[in-house]
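Below is one structure, written out as structure tokens; the observations come after it.
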Amino acid sequence: MECDNPSRKEWTMHTIVVGGGLVGLTTAAALQHIGHTVTVLEQAPEIRAVGAGIGLWDNALRELDELGIGTRVRALGQGIETWFFDPAGHPLRAPGRDASDHSFLLVPRPELNALLADHVGRDRITVGAKVTGYTEDAGGVVVRLAEGDPLRADLLVGADGVHSRIRAGLLPGSEAQVHQGHYAWRAIVPAAGRPEGTVLTVGPGRTRGGYARVAADRTMWMVNQFDAGPLTGGKRDRALQRAHRLADAGWHEDLLRMIADTPEDAILENRIMRVPALPHWTSDRVALIGDAAHGLSPHIAAGGTLGIEDVGVLRAALSASPDPAAALPAYERARIPRFDRIREFSESVENTADAAEFAETYAAFSHWMLTTAPQ
Ligand SMILES: Cc1cc2nc3c(=O)[nH]c(=O)nc-3n(C[C@H](O)[C@H](O)[C@H](O)COP(=O)(O)OP(=O)(O)OC[C@H]3O[C@@H](n4cnc5c(N)ncnc54)[C@H](O)[C@@H]3O)c2cc1C
């Protein structure tokens, strides 16, 4: 603990957050909210978001509201109400589900991360700071950097993504695993002349994809492929080859055109990695959060949302019990069983046979996620 002014005996918990991505920045904002002095260490030379748009569900937006930034985040994005389509273009929704099970906010990632970084305070974020490991003792943690002096803190939060160094220290042998054959392609293109609305099509050959308006002037397209087989050609050709499976009888010409018009270097191609289920997420003074704790396959489109949920639970635990050794077990106890269930949903959504089954299985997941989310 730091004592700013010993005569006033005001103690501040100093927390280091490793990783300045969506979840690390939200964690920093949340812990500042409860009085921690926070330092964010980010290995990249600047805060930048890899990715196109991210869908944030109500459970994430509630936490952003709690931190006082929900309104500004909503102003960045577009409210989306999803319909699923079969490859012939028939719209589908699961019977018995209402609009809230299909509604989220789609936000451009770079703007979201910039807003979060400004809210945390750029002076609290050190970029170009690659963390190589840490040691923990009864009084705190010492974080080692590739360059520069080690840093000491009371609490360390590893928000450093699927290849987390903090997870490697806490749980040796827990490396992220390739989700064999699973790839995602996506890009943002100018919206002028593109269709309005959001279309997600579930096609044959385990191909899924479509597009969504991510801002008034930008549209995001995405193609998700399980069992991709050998990849040939450039990124655009790889995405186009799969997207053709979604385009029976002229349906989805718009998607094909969007992909064909996208410059090669604007296309993101992700080979999907997953973090194995972990036996624990914390020690007395170290906690994993976000993808570092539970990197999931993106086909349920909720990893970031659930990472923000983690933040709310960690904030509440540390608020109720400022001693990390007492608070972190409560955080871990709340989160691990939830992710056991989410992995089951993820598998069932992956293995749906057709668009109708996908619509039902996905809505079952989103309904469960929203109705069981921590308040
Ligand atoms: C194709 C795709 C689509 C998706 N769509 C959605 C969606 O619609 N909705 C949704 O909720 N989720 C979605 N997700 C999941 C979501 O993107 C992730 O769950 C989320 O971005 C994880 O955030 P994070 O901050 O935990 O990790 P990351 O965003 O990976 O951030 C980790 C940060 O840590 C830094 N870092 C790593 N190692 C070190 C180190 N040693 N030292 C210092 N810094 C380090 C990295 O540079 C990075 O900035 C999608 C994912 C993919 C791949």
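The values are calculated or read from the model by the stated rules, or taken from the named source; none is laboratory data. Remember, predicted model here, so these are calculated numbers, not experimental data. In this analysis, Cβ positions are derived from the backbone assuming ideal geometry, glycine residues included, and neighbour counts consider all displayed protein chains.
Overview of results
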item	result
Candidates Gly209, Gly205, Gly233, filtered to the one that is touching a helix residue (DSSP H, G or I) at 6+ places or on another chain (Cβ under 9 Å), part of a loop (DSSP other than H, G, I, E, B) and either crowded, with 21+ Cβ neighbours inside 10 Å or without any contact (Cβ under 8 Å) to a residue 24 or more places away in the chain (or both)	Gly233
Qualifying position, being out of contact with any Ser or Thr (no Cβ under 6 Å at 6 or more places or on another chain) and within 15 Å of the ligand (Cβ to nearest atom), among Ile342, Ile336	Ile342
Top-ranked residue of segment 14-35 - restricted to ones that are surrounded by fewer than 24 Cβ atoms within 10 Å (Cβ to Cβ) and assigned to a loop (DSSP other than H, G, I, E, B), ranked as farthest from the ligand (Cβ to nearest atom)	Gly35
Some residue of segment 297-309 being closer than 23 Å to Arg206 by Cβ and either of a type in the set (Lys, Arg) or free of Cβ contacts under 8 Å to residues at least 60 places away in the same chain (or both)	yes
Scope segment 124-139; condition surrounded by fewer than 20 Cβ atoms within 10 Å (Cβ to Cβ) and closer than 23 Å to Tyr331 by Cβ; matching residues	Arg124, Gly133, Thr135, Glu136, Asp137, Ala138, Gly139
Criterion violated by Arg186 - all others in (1) out of contact with any Ser or Thr (no Cβ under 8 Å at 6 or more places or on another chain); (2) surrounded by fewer than 19 Cβ atoms within 10 Å (Cβ to Cβ); (3) part of a strand (DSSP E or B); (4) of a type in the set (D, E, K, R) satisfied	(2)
Within segment 130-169, tally of residues that are touching an Asp or Glu at 6+ places or on another chain (Cβ under 9 Å) and not in a loop (DSSP other than H, G, I, E, B)	10
Filter result for the condition that a residue is under 20 Å from Ala30 (Cα atoms) and touching a Lys or Arg at 6+ places or on another chain (Cβ under 7 Å), over Gly158, Gly133	Gly158
Residue pairs meeting the criteria (Cβ under 7 Å; at least 6 apart or on separate chains; first of a type in the set (D, E, K, R), in segment 359-375; second in a loop (DSSP other than H, G, I, E, B))	Glu360/Ala94
Candidates Glu111, Glu196, Glu147 - the one that is exposed (fewer than 15 other Cβ atoms within 10 Å of the Cβ), among the charged types (D, E, K, R) and either under 23 Å from Ile54 (Cβ atoms) or touching a strand residue (DSSP E or B) at 6+ places or on another chain (Cβ under 6 Å) (or both)	Glu196
Meets criteria (over 26 Å from Asp291 (Cα atoms) and under 24 Å from the mean Cα position of the chain (by Cα)) for Val199	yes
Members of segment 154-176 that are away from the ligand (no atom under 13 Å from the Cβ), surrounded by fewer than 23 Cβ atoms within 10 Å (Cβ to Cβ) and under 21 Å from Val313 (Cα atoms)	Asp154
Segment 97-139: number of residues that are more than 16 Å from the ligand (Cβ to nearest atom), over 30 Å from Ala249 (Cα atoms) and small (Gly, Ala, Ser)	4
Subset of segment 348-375 [under 19 Å from Glu309 (Cα atoms), surrounded by fewer than 16 Cβ atoms within 10 Å (Cβ to Cβ) and of a type in the set (A, V, I, L, M, F, W, C)]	Trp368
Which listed residue, of Ala325, Ala316, is at pLDDT 95 or above, more than 16 Å from the ligand (Cβ to nearest atom) and closer than 21 Å to Leu116 by Cα	Ala316
Every residue from segment 36-56 that is under 13 Å from Ala153 (Cβ atoms), of a type in the set (A, V, I, L, M, F, W, C) and within 14 Å of the ligand (Cβ to nearest atom)	Val40, Leu41
